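Written below as structure tokens is the structure these notes are about.
The values are calculated or read from the model by the stated rules, or taken from the named source; none is laboratory data. Quick caveat, the model's predicted, so the values are computed rather than measured. Glycine also receives a Cβ, built like all others from the backbone with ideal geometry; neighbour counts cover every protein chain displayed.
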């Protein structure tokens, strides 16, 4: 009996150019080259996963107590992989601030540039956006973190001032100046007005941080109601008032 040729196909090898008799298999084969592999998807998502892990640990443990290996473990990667993206803990903290705070400020600045309605409505929108993106999220803990550890990390404190505090002030100052220029707001000292707008936000973060560990709070505070009340009070102080009719001379 003669041996089969070495070039002959085994029964399990598909014939080149032949189509599968199974429509599902053919569909999967057609789609597979277009779909990124699991490894590619994981690699693309990895920076965000590292930032989420770092945010959680920074807020819970503080800057000094957070170790690179803890961040890597929480994100499910090796410490070497973490350093490929963020070569130091300082750089990791800066990336967290840019992702969770700076980005919100950039979007707020765009709101001011594109605003078409009243400035009071604009300030309300800015406040609501801040609350949803920062105040009601884990990112609110970054303010407490930098306040408590500024002396130990002066360079990061300066980074926070340059990256968050100064741009926030500039953003709100432009909004207030818009209201004054349009005759909606009284011409008060803009810097003082900005501080007055920011102060309730800082109080709310600190109050929630302090009371979150208490088993009972006899003076509970509803964050949404508090923010709405503060904005209402501030706007009533800012908005121009119609001239009151003078009483007739006697």
Qualifying positions in the range 159-176 - under 24 Å from residue 117 (Cα atoms) and out of contact with any strand residue (DSSP E or B) (no Cβ under 9 Å at 6 or more places or on another chain): 167, 168, 169, 170, 171, 172, 173, 174, 175
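Name the one entry in 225, 208 that is within 23 Å of the chain's Cα centre (by Cα) and closer than 17 Å to residue 123 by Cα.
Working: 208 fails: closer than 17 Å to residue 123 by Cα.
225 is the lone residue from the list that is within 23 Å of the chain's Cα centre (by Cα) and closer than 17 Å to residue 123 by Cα.
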Top-ranked residue of the range 53-81 - restricted to ones that are free of Cβ contacts under 8 Å to residues at least 40 places away in the same chain and under 20 Å from residue 159 (Cβ atoms), ranked as nearest to the chain's Cα centre (by Cα): 57
So residue 119, is it touching a strand residue (DSSP E or B) at 6+ places or on another chain (Cβ under 9 Å) and either within 24 Å of residue 140 (Cα to Cα) or at pLDDT 95 or above (or both): yes
